[in-house]
Structures are given as structure tokens and as C-alpha cells.
């Protein structure tokens with residue numbers, strides 16, 4: 001938000017809203033991950049596709065994205081590339097059921113973590129914690 005958008009006042013970091021985004025086209029997985037993250041005190045927003053994430057109306061910015069590689073439409077890699085090109089890429093933890101796809105790109109991307117489905121949600125929380133500010137935790 002620019003000063004002109006909020007009446008000339010600067011926005012305090014403490015008033016900003018931070019959250020973790022989960023982008024996966026499997027509704028049951030999104031629901032389970034949201035429940036597990038909230039159970040660990042982490043603010044979370046879920047999205048069914050890369051396009052859904054890009055069109056979001058959620059207040060604030062994600063501190064980290066849990067991003068499925070295989071999505072209908074744009075892939076997780078495509079979303080990462082787009083966010084990087086705009087200079088707004090938060091840390092990303094990739095999730096996939098297909099190791100071979102990740103292995104091919106692993107050398108050229110800067111993922112902050114990677115989990116193969118199915119995975120233990122405690123492993124996901126452990127990967128997320130270093131990227132979270134106090135305001136993300138509820």
C-alpha cells in the first residue's frame with residue numbers, strides 16, 4: 001500500500017498481516033494442511049490453483065508458500081517463475097507426488113524445502129518455522 005492509498009500515513013510492519021499460503025488442487029489435502037497448520041498456531045490461506053493465488057483478495061503477504069508442483073493450468077514452477085520475475089517471491093516449499101519432475105528442476109530452482117506426498121505435517125511445520133514472523137503465529 002502506498003502512502004496515497006492510505007491517506008498519506010505509513011504502514012507499520014506490526015499492523016501488516018502475514019500468513020502461509022497453501023496452493024494445491026486437491027481440496028482434501030488443502031483442508032488437511034490448513035487444519036494441521038492452524039493447529040500449530042500458523043495463520044494459513046488456501047488456494048486451489050496458481051491462478052487462484054494470483055487473483056487473491058487476502059489482506060497481507062505470504063511469508064511462505066506451500067506449493068504443489070502439478071496443478072491444473074499453471075504449474076507450481078510456473079508460479080514461482082512469475083513471482084520471481086515480479087520480485088515478489090516469498091520462500092517456497094514444494095510438494096509433489098512425482099519425484100522425477102522435481103529432480104529435473106531441483107538444480108535450477110531456489111526452493112526452501114521439498115516434501116514428497118504423502119508427508120508428515122510435522123516435517124512441513126519444521127520447514128515453515130524458520131520463515132515465520134511472530135505475527136504469523138496465532
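Of the listed requirements (1) more than 10 Å from the chain's Cα centre (by Cα); (2) surrounded by fewer than 20 Cβ atoms within 10 Å (Cβ to Cβ); (3) outside any loop (DSSP other than H, G, I, E, B), residue 59 misses just one: (3). Scanning segment 82-122 for residues that are at pLDDT 90 or above, surrounded by 13 or more Cβ atoms within 10 Å (Cβ to Cβ) and not in a loop (DSSP other than H, G, I, E, B) returns 82, 83, 84, 92, 93, 94, 95, 121.
Checking each residue in segment 123-138 for being within 22 Å of residue 32 (Cβ to Cβ), surrounded by fewer than 16 Cβ atoms within 10 Å (Cβ to Cβ) and at pLDDT 90 or above picks out 123, 126, 129. Apart from one condition, residue 12 fits all of (1) modelled with pLDDT of 95 or more; (2) more than 14 Å from the chain's Cα centre (by Cα); (3) under 25 Å from residue 130 (Cα atoms); the exception is (1).
The values are calculated or read from the model by the stated rules, or taken from the named source; none is laboratory data. None of the values given here were measured: they were computed from a predicted structure. Note that we place each Cβ from the backbone using ideal geometry, even for glycine, and neighbour counts take in every protein chain shown.
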